[in-house]
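**Student:** Pasting a structure here, questions to come.
What follows is calculated from the coordinates using simple rules that are stated; it is not laboratory data. Quick caveat, the model's predicted, so the values are computed rather than measured. Note that each Cβ is placed from the backbone with ideal geometry, even for glycine, and that neighbours are counted across all protein chains shown.
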Amino acid sequence: MEQATHGFDVFNTNHNCCCEYCKSYRDSVQRLVDSFSSIPTRWLQRIDEDLLWTPMWGTVFMPTNSVDIRNIEELLAPISDDPSVAPSGWDKVGDTGIIVIQCDDELILGIDGAGYDFYTDHWIKLYDALGYEWHTPVPDA
């Protein structure tokens, strides 16, 4: 079977590309996400009764690797453009669309949304923002 060529789909993503480079990239992003612990949002409210707001998606994520935590903390910025979230203690992780809060001395990641592809809209952006290069790079032409 002939290897498909590397390329972008109509949405300007490599999500459907079957080449070894895009597969390696997707697998690397998946490895990052799989390293996070998934926690039901309602557990946060049990741990921290003062928590005023939680993300729409019913699951939050806790990085377990100290390198990931440190790198994510370097990307943190206050949320100032959303008045419903800003006073709640959540910050944003760069331009990834991921939000973060410290809860019980743990870094908790959240996504305030549902019904779309988190990998394309959030996890790939986080992987790129962290500067990770676990994937096989596309060779220069």
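**Student:** According to a simple spin-label model (label point 7 Å from Cα along Cα-to-Cβ), what is the distance in nm between T59 and A77?
**Tutor:** With each label point 7 Å from Cα toward Cβ, the separation is 2.8 nm.
**Student:** Once R0 is set to 22 Å, what does the formula 1/(1 + (r/R0)^6) return for the Cβ-Cβ distance between S66 and E133, expressed as a FRET efficiency to the nearest 0.05?
**Tutor:** 0.70
**Student:** How much length, in nm to one decimal, is gained on full extension between D121 and D104, taken as 0.36 nm per residue of separation minus their Cα-Cα distance?
**Tutor:** Full extension from D121 to D104 adds 3.3 nm.
**Student:** Another one. What is the sum of charges, Lys and Arg at +1 and Asp and Glu at -1, for the other residues whose Cβ falls under 10 Å from the Cβ of T136? Please report the intermediate quantities before stating the final value.
**Tutor:** Working: positive: K23; negative: E20, D27, E133.
Spelling it out: positives minus negatives among the neighbours equals -2.
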